[in-house]
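Here is the structure we will look at, set down as structure tokens.
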Amino acid sequence: MTLADAFKILVIDDEVQIRRFLGISLRAQGYEVAEAGSGRDGLDLLATRGADLVILDLGLPDMDGQQVLKELRTWSSLPVIVLSVRSNENEKVAALDAGANDYVTKPFGVQELSARLRGLLKRSPEGEPTPAFDDGHLRIDIARRQVARDGEPLTLSRKEWALLALLMQHTGRVLTQPQLLRELWGPTHQHDTHYLRILVAKLRTKLGDDAAAPRYIRTEAGVGLRFIGNEF
Amino acid sequence: MTADRSAQADALLGPLQRERGGQLKVFLGAAPGVGKTYSMLSAARELRRQSVDAVVGLVETHGRVETQALVDGLELLPRKTIDYKGRELTELDLDALLARKPRVAIIDELAHTNAPGSRHERRYQDIEELLNAGIDVYTTVNIQHIESLNDVVRQITGVRVTETVPDAFLDRARDIVLVDLPPRELIERLQQGKVYMGEQAAAALQAFFSASNLTALRDLAVQLVADRVDADMREHMAARGVGAVPVRRRVIAAIDGFEHSEYLVRVTRKIAERRQAPWAVVFVDNGQVAGDRQRMVEESFALARRLGGETVQLRGLSVVDELLAHASRNTVSTIVIGRTRERPFARIFNRTLTQQLLHKGAHFELTIISTPYARARARRALEQSDEPNAGIKGELIYASIVAVLTTGLAAIADYFLSLQDLSLIFITGVLFVAVRTRMAVAVYAATLCFLAYNFFFIEPRFTLYISAGRGVVTVAAFLVVALICSRLANRLRSQVLMLRAANTHAATLQRLGQQLSAAADETQVFRAATQALRETLAADVVLLVAQEGTRRLTEVARDPARATLDVQATAAADWSLAHQQLAGRTTDTLQGSAWWCVPMIVGEQPLGVVCLRFAEGVNRLRPELSTLAQAMVQDLAQALARTRMVTQLEAARVQAETDLLRAALLSSVSHDLRSPLSAIIGSAESLSVYTDKLSEDDKRALAEGILSEGQRLDRYIQNLLDMTKLGHGTLDLQRQWSGFDEIAGSALARLRKLYPAVPVDMHLSPMLPLLNVHPALIEQALFNILENAAKFSPEGAAVSLRAVVFEGRLRIDIIDRGPGIPEGERKQIFDMFYSVQRGDRGAQGTGLGLTICQGMIGAHGGSVEALATETGRGTTIRITLPISEPPPPQQDA
């Protein structure tokens, strides 16, 4: 837990009990925890005291979580995990599009949240590509543009490679369908989700992955795709 | 001045006269079945309860159980049996009642006619005798039995009521009690067989009981009572010398003994009554009146006296002069006359009475009444002019007269004009006739003139001999003039007629269109259309509408009520609907039917059929009438389609709203259930996963969190259950007498457990009354509001709870120092839709707490509202609860 030593996490949630157990369990893992009960307080606290990661509830009494996220992103790029009771995918997509790095739906498991936290904190600051992946079966080397399955090199199309690289750069994080479509096909194809579906199906076949029990690429239904990597 | 004083004297005397003798109380109803007898008997029982000596002289219960139950326990006078032609009739035993001499006699059916052989012909005369004997009388009467309203009632219902009660008698009544029942309810009672129909044909009475009739009759009854109240008020003011008593100017009616005289009398009485003016009926005898007219004058006078008016008979040669002289002498303001019959010669040589009065009586107000007879006459005249064969006799006579006059004129002109010039005179005559008559008559006039010209003026005179050439030319000239002129004139006339008809039709259609567009539902559409069709086409109307999606016709409206379709008509209607064509009478299909069937079609969709039955003998419809009828039916169809569409749209809207609400509710429920669950799951997992890393305090905090969130979940589920109960109206109020302090105490104890840090500042005014409520529900409502207030309170700020009695109700204010609620949303926070729409934006599970709170308080007859606080910060939630009578004092056991 040396990793967590210096990390300071800000929890913005109006539910006292959630703040309380998050505080207790995160501190138990060695994080430093600050709490805020409203969006305004959260932003103030962040501005004055700073943090390494924000856990943000979308339902806040004074202002919507989406709004908090938008304001925060105007001056900070620190990782944000969105907490929501809303199972509505559009909300998640909106939050991710607005700059959230991940989301967790209430009710959630503490271990799941911790894993996401670690993933995000490890990679910060964001943007650095994960250079390579190897789990014994699959070996991916981004820098050299090489993919091998059980020692056999694979031939990927340009788009397949681009998708894999994009997902790997954000290992552990969800990339929303609009984000992926924008990156791969350009802004005019943001809504052509079937392009993505066909592409990811081909990629999975080549990687020897199974959509029903994914080992590498997981579909977050209605939201987007996530490269699972080693940790997840 | 004198008039003033006499008016005041009148006002003083009026009540005095009423005080003398017994007092009359009349229970007035708009129709049988409104519950007059029931009300009267209830009043009688009340009298008995107050130990007033009240006796039931005669009551018709018509076998109604609830009425009979009211009679039980009252003293009932046996009826007198009268033997009439072998039948035994029972009547009020007047002598027995006079001998018994109670304080109050209860006698039903004021308008009743006694059996022959009774002392008085009518029951109101019996009652008069009782009143004179100093006995108070309670009685009942229906509006249609009141003499002055007789005509109006007949116009409304088409039923002539023969048993009427003079208005003068009703004026004796000290009180008139209006027993009112909305027409809809009355019709319901009728359909349930709760209204006694009497011995008359039930069907006729059914017609009488139509909603429109009942509404009109109810109106009349209300008006009558309202007038009475006005009059009482004025009398009271006048007796106290308060207020200006206007000089009472008379209204007089001039009658001439023709058929409308009685009608004039009734109308005059109404006018006078409205103005609170005395009135009289005046007849001027100029020596030319005898027989029937004389009798009619006497009858009208008798009627006027019954209605409380004076009668004046004047003698003189000039009707107008005598009338005006009388009016000047007697402070008359208004002269009422009927439309005089227009005799053709009087129009030319003599001015009508109306014109003369207008000319000479400029300083009087002249009211000219259009009598029903005048209207009928006007309609007859109109119809005649439209009929193609009507008036040919008159035209022939006109042509003959013109021919004779022309001949006469020519005979004079013969002395200084040549023969050729004479023919011009005849041609002028022919022209005169031709422009005003049909072609056949013009030809007739031409022939007549030619014969006269030939016979009287062409040599050899006084023979019909004429040289061939000359004769043919003259005859031809006459005929050509006649034909051309007649043709031109006819064309012009028919154009004018068509224009007029088109105007009428356009106006009719426009009026119908307005009525239909104002109609909000199908029933109103049917009513408006039926009425318009009947009035415009003078036909019986039956409206049939196809059930949606089928071809089965159902009757939805008819006018008049006796109109029924026979088998043939039904067949014609079905055919008409199926083929979307006209059927029945005047058409080629099923013409044996008495009814003409017009289908209502919108787009391709047949909606129903309108069946029309014209008067006997109309076998051919004039084309413009047929067009008009079809246009009206088309309008009706459009309106029907429109109202149906509105209904469907409305249903769709409600459905959409329901769906929206359901979705919002679901999301709210999922939010409110998930929030505590998140804390429970997270805390439990933390406990199990990090157990060795947690301090004892942390563990305890997590366990407490699980407990409190579990309880919160339980509260929320309770709220949901409560709301379901409120929504289904199955909330069972178990009222108990409870003190508000106890309820508040219990709610506060719960709050303290949940929010130990929020101070509550309670002010209950001493001597709060006990509440008759379901204590658990009120406690829950109070708790919901307190919880909400505590939730929004900033740290350390107190929540205040105040209770006072204000205007007879308990007023509870819960005040927090939170952020407050924007003014526009204060009403909405109790709205389920609003609170669920807010979703998880509200502080922990605002959810449905306030909605439920309102439901609970509402079930107790109270209200909840959100107000701004006096300081401008925070919110005041105000509960108002009714305070019931205090419970009976405890008996020492």
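The values are calculated or read from the model by the stated rules, or taken from the named source; none is laboratory data. Predicted model, so just to flag it, every value in this text is computed and none were measured. Glycine also receives a Cβ, built like all others from the backbone with ideal geometry; neighbour counts cover every protein chain displayed.
Can you confirm whether segment B:115-122 contains a residue that is crowded, with 21+ Cβ neighbours inside 10 Å and within 17 Å of B:PHE169 (Cβ to Cβ)?
no
Mind checking whether some residue in segment A:163-171 is under 30 Å from A:ALA98 (Cα atoms), polar (S, T, N, Q), assigned to a strand (DSSP E or B) and within 25 Å of the chain's Cα centre (by Cα)? Reasoning before the result, please.
Kept after step one, since they are under 30 Å from A:ALA98 (Cα atoms), are these residues of segment A:163-171: A:163-171.
When the remaining residues are screened for being polar (S, T, N, Q), the result is A:169, A:171.
Pick out the ones that are also assigned to a strand (DSSP E or B) and you get none.
There is no residue in segment A:163-171 that is under 30 Å from A:ALA98 (Cα atoms), polar (S, T, N, Q), assigned to a strand (DSSP E or B) and within 25 Å of the chain's Cα centre (by Cα).
Taking segment B:206-223 as the range and being modelled with pLDDT of 80 or more and farther than 27 Å from B:PHE526 by Cβ as the test, no residue passes. Taking strands (runs of 3 or more DSSP E) as the structural unit, those lying wholly within segment B:263-339 and holding at least 1 residues that are more than 38 Å from the chain's Cα centre (by Cα) and surrounded by fewer than 20 Cβ atoms within 10 Å (Cβ to Cβ) correspond to B:279-285, B:310-315. Where strands (runs of 3 or more DSSP E) fall entirely within segment A:1-79, those with at least 2 residues that are among the small types (Gly, Ala, Ser) are at A:32-36. If we keep just the residues of segment A:67-80 that are crowded, with 20+ Cβ neighbours inside 10 Å and farther than 20 Å from A:LEU113 by Cα, which is nearest to the other protein chains (Cβ to nearest Cβ)? By that ranking, first place goes to A:VAL68. Can you spot a residue in segment B:399-420 that is modelled with pLDDT under 85 and assigned to a helix (DSSP H, G or I)? For segment B:399-420, residues modelled with pLDDT under 85 and assigned to a helix (DSSP H, G or I): present.
Might you check whether a residue that is at pLDDT 85 or above and out of contact with any helix residue (DSSP H, G or I) (no Cβ under 8 Å at 6 or more places or on another chain) occurs anywhere in segment B:650-672?
Our first condition is that a residue be at pLDDT 85 or above; within segment B:650-672, this holds for none.
No: zero hits.
Within segment A:41-50, the presence of a residue that is modelled with pLDDT of 85 or more, at the interface with chain B (Cβ under 9 Å from one of its Cβ atoms) and closer than 14 Å to A:GLY65 by Cβ is excluded.
Determine which member of the set B:ARG752, B:ARG712 is assigned to a helix (DSSP H, G or I), within 11 Å of chain A (Cβ to nearest Cβ), closer than 26 Å to B:ILE815 by Cβ and modelled with pLDDT under 85. Give the derivation first.
Numbers: B:ARG752 fails: within 11 Å of chain A (Cβ to nearest Cβ).
Only one candidate qualifies: B:ARG712.
If you take the residues of segment A:81-113 that are in a loop (DSSP other than H, G, I, E, B) and of a type in the set (Gly, Ala, Ser), which of them is farthest from the other protein chains (Cβ to nearest Cβ)? Write out each step before concluding.
Within segment A:81-113, the subset in a loop (DSSP other than H, G, I, E, B) is A:85-88, A:98-101, A:106-109.
From what's left, of a type in the set (Gly, Ala, Ser): A:87, A:98-100, A:109.
On the way: A:SER87: 7, A:ALA98: 17, A:GLY99: 20, A:ALA100: 17, A:GLY109: 6 Å.
Out of the qualifying residues, it is A:GLY99.
Does segment A:189-204 hold any residues that are closer than 22 Å to A:GLU91 by Cα and surrounded by fewer than 20 Cβ atoms within 10 Å (Cβ to Cβ), and which are they? Residues satisfying the conditions are A:HIS189, A:GLN190, A:HIS191, A:ASP192, A:THR193, A:HIS194, A:ARG197.
Out of B:LEU694, B:LEU702, B:LEU673, report the one residue that is aliphatic (A, V, I, L, M) and touching a Ser or Thr at 6+ places or on another chain (Cβ under 7 Å). If you could, list the steps in order and put the result at the bottom.
On the way: B:LEU694 fails: touching a Ser or Thr at 6+ places or on another chain (Cβ under 7 Å); B:LEU673 fails: touching a Ser or Thr at 6+ places or on another chain (Cβ under 7 Å).
None of the other options fit; the residue is B:LEU702.
If we scan segment B:246-261, do we find a residue that is in a helix (DSSP H, G or I) and closer than 24 Å to B:THR352 by Cα?
Yes, segment B:246-261 contains at least one residue that is in a helix (DSSP H, G or I) and closer than 24 Å to B:THR352 by Cα.
How many of the residues making up segment B:77-97 are part of a strand (DSSP E or B) and either farther than 13 Å from B:GLY117 by Cβ or of a type in the set (Lys, Arg) (or both)? Full working, then the answer.
Looking only at segment B:77-97, we keep the residues that are part of a strand (DSSP E or B), and these are B:80-84, B:87-91.
Okay, now just the ones that are also either farther than 13 Å from B:GLY117 by Cβ or of a type in the set (Lys, Arg) (or both), so B:80, B:87.
Within segment B:77-97, residues that are part of a strand (DSSP E or B) and either farther than 13 Å from B:GLY117 by Cβ or of a type in the set (Lys, Arg) (or both) number 2.
When segment A:126-172 is limited to residues that are polar (S, T, N, Q) and modelled with pLDDT of 85 or more, the one that is surrounded by the fewest Cβ atoms within 10 Å (Cβ to Cβ) turns out to be A:THR155.
The listed residues are B:ARG500, B:ARG511, B:ARG493, B:ARG470, and the only one of them that is basic (Lys, Arg), free of Cβ contacts under 8 Å to residues at least 40 places away in the same chain, in a helix (DSSP H, G or I) and closer than 30 Å to B:THR643 by Cβ turns out to be B:ARG511.
The single residue among B:GLU685, B:GLU704 that is touching a Gly at 6+ places or on another chain (Cβ under 7 Å) and either part of a loop (DSSP other than H, G, I, E, B) or within 14 Å of chain A (Cβ to nearest Cβ) (or both) turns out to be B:GLU685.
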